[in-house]
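Below is one structure, written out as structure tokens; comments come after it.
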Amino acid sequence: MNAGTTTDWREKELAQWYNKNMRGSLEGYAALFGFDKNDDVLDLGCGDGTLLAMAAQKGARVTGVDISDAQLDNARAALKGAQNARLIKSTLQEVNFADNSFTKVSIRKAIHHLTNDEKGQLIDKIHHWLKPGGILIIEDMILTFALHRRDENRPLVEKDAAVYYGANWPAFRDAFYTTMYQELPCDLAQLSHHLLFTGFHILKIVSPACFMSTVIAEK
Ligand SMILES: C[S@@+](CC[C@H](N)C(=O)[O-])C[C@H]1O[C@@H](n2cnc3c(N)ncnc32)[C@H](O)[C@@H]1O
């Protein structure tokens, strides 16, 4: 099976392939949050629960949401023995929480599954779910150039991807371009639009490649 050409996350093989090959280390990403025992953490599209387990280890209360039974099984195993952990099977479009429920929210490599309108609606909801001063971090295929310029920027993408993925780039290329053309990536302007019009303050944007950004925003 070429896992890179399907995006059906209910397939166990896709989850296994992604977690093993493409998830990458979450140490640096987790450090951006600085989790501690006072945190209520929400991970949307939590995958195999690695980030939730890191937050739980610091004493945080954690909630994970994912659509995939295979990923939720992995997350359950990662959170075994953790206090105050819950996992919810839901789409990101449908899930809902009470206002002021969380101090920190993550959406890592999952927001590209939502249309532009759905992204805006979810960010609106997260603004309600976060406590004042709460932090939202989104990491994904968030382009530093306009989305409609994907084709003309392909040489730059290829150059950056060879550096970003290193020796793995040839093996990842199919999956990468599936995400870029058949899923729903956005550009920094689109994402900033949603964040700013919802009332978030954008604290920092880091783009290690022209196709990948981490956006840190505060309520
Ligand atoms: C690329 S993985 C990222 C997982 C994890 N956040 C990470 O960084 O490793 C995308 C995850 O989003 C989930 N997902 C995809 N579409 C979804 C949706 N509409 N609602 C909820 N979860 C979704 C998938 O099941 C998968 O676990």
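The values are calculated or read from the model by the stated rules, or taken from the named source; none is laboratory data. Here the structure is a predicted model, which is why all the values come from computation and not from measurement. Using ideal geometry, Cβ is built from the backbone for each residue, glycine included, and neighbour counts are taken over all protein chains shown.
Restricting the stretch 89-108 to residues that are among the charged types (D, E, K, R) and part of a strand (DSSP E or B), which is farthest from ILE205 (Cα to Cα)?
Top of the filtered list is LYS89.
Suppose we filter LEU143, LEU92, LEU136 for residues that are out of contact with any Ser or Thr (no Cβ under 7 Å at 6 or more places or on another chain), without any contact (Cβ under 8 Å) to a residue 60 or more places away in the chain and of a type in the set (A, V, I, L, M, F, W, C); which single one remains? Even if it seems obvious, please write down each step before you answer.
Numbers: LEU143 fails: without any contact (Cβ under 8 Å) to a residue 60 or more places away in the chain; LEU136 fails: without any contact (Cβ under 8 Å) to a residue 60 or more places away in the chain.
Matching residue, one of LEU143, LEU92, LEU136: LEU92.
From the list GLU158, GLU118, exactly one residue is touching a Leu at 6+ places or on another chain (Cβ under 9 Å) and free of Cβ contacts under 8 Å to residues at least 40 places away in the same chain. Which is it?
GLU118
Considering only residues that are aliphatic (A, V, I, L, M) and out of contact with any Asp or Glu (no Cβ under 9 Å at 6 or more places or on another chain), look in the stretch 134-166 and name the one that is surrounded by the most Cβ atoms within 10 Å (Cβ to Cβ). Quick ask: steps written out before the conclusion?
Step one: filter the stretch 134-166 for residues aliphatic (A, V, I, L, M), giving 135-138, 141-143, 146-147, 156-157, 161-163.
Going one step further and asking which of them are out of contact with any Asp or Glu (no Cβ under 9 Å at 6 or more places or on another chain), we end up with 137-138, 156-157, 161-163.
Values: ILE137: 20, ILE138: 27, LEU156: 15, VAL157: 20, ALA161: 20, ALA162: 14, VAL163: 10.
The selected residue is ILE138.
Residues in the stretch 148-172 that are touching a helix residue (DSSP H, G or I) at 6+ places or on another chain (Cβ under 7 Å) and under 28 Å from THR115 (Cβ atoms): how many? Show your work before the answer.
Within the stretch 148-172, the subset touching a helix residue (DSSP H, G or I) at 6+ places or on another chain (Cβ under 7 Å) is 150, 161-162, 165, 169, 172.
Going one step further and asking which of them are under 28 Å from THR115 (Cβ atoms), we end up with 150, 161, 165, 172.
Qualifying residue count for the region: 4.
Sort out for me the strands (runs of 3 or more DSSP E) sitting completely within the stretch 109-219 that have 1 or more residues that are modelled with pLDDT of 95 or more and among the polar types (S, T, N, Q).
Details: elements: 130-140, 201-209, 212-218.
Here the list reads 201-209, 212-218.
Checking ASP73 against (1) away from the ligand (no atom under 15 Å from the Cβ); (2) in a helix (DSSP H, G or I); (3) free of Cβ contacts under 8 Å to residues at least 12 places away in the same chain, which single condition isn't satisfied?
(1)
Rundown of residues vs (1) near the ligand (Cβ under 8 Å from one of its atoms); (2) among the acidic types (Asp, Glu); (3) surrounded by 13 or more Cβ atoms within 10 Å (Cβ to Cβ); (4) more than 17 Å from the chain's Cα centre (by Cα), yes/no style:
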| site | (1), (2), (3), (4) |
| --- | --- |
| LEU79 | no, no, yes, yes |
| GLN83 | no, no, no, yes |
| ILE88 | no, no, yes, no |
| ASN100 | no, no, yes, yes |
| ILE107 | yes, no, yes, no |
| HIS113 | yes, no, yes, no |
| GLU118 | no, yes, yes, no |
| GLN121 | no, no, yes, no |
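On the given criteria, is VAL65 surrounded by 22 or more Cβ atoms within 10 Å (Cβ to Cβ), more than 9 Å from the ligand (Cβ to nearest atom) and either modelled with pLDDT of 95 or more or not acidic (Asp, Glu) (or both)?
Working: surrounded by 22 or more Cβ atoms within 10 Å (Cβ to Cβ): yes; more than 9 Å from the ligand (Cβ to nearest atom): no; either modelled with pLDDT of 95 or more or not acidic (Asp, Glu) (or both): yes.
Spelling it out, it is not the case that VAL65 is surrounded by 22 or more Cβ atoms within 10 Å (Cβ to Cβ), more than 9 Å from the ligand (Cβ to nearest atom) and either modelled with pLDDT of 95 or more or not acidic (Asp, Glu) (or both).
Give the stretch 4-29 a look and list any residue that's assigned to a helix (DSSP H, G or I), at pLDDT 85 or above and either closer than 13 Å to GLU139 by Cβ or among the basic types (Lys, Arg) (or both), or say none.
Hits for the stretch 4-29 are LYS20, GLY28, TYR29.
Mind telling me which of the residues LEU42, LEU32, LEU52 ends up being more than 8 Å from the ligand (Cβ to nearest atom), under 21 Å from LEU122 (Cα atoms), touching a residue at least 24 places away in the same chain (Cβ under 8 Å) and part of a helix (DSSP H, G or I)? Walk me through it before giving the result.
Working: LEU42 fails: part of a helix (DSSP H, G or I); LEU32 fails: under 21 Å from LEU122 (Cα atoms).
Criteria check complete, one pass: LEU52.
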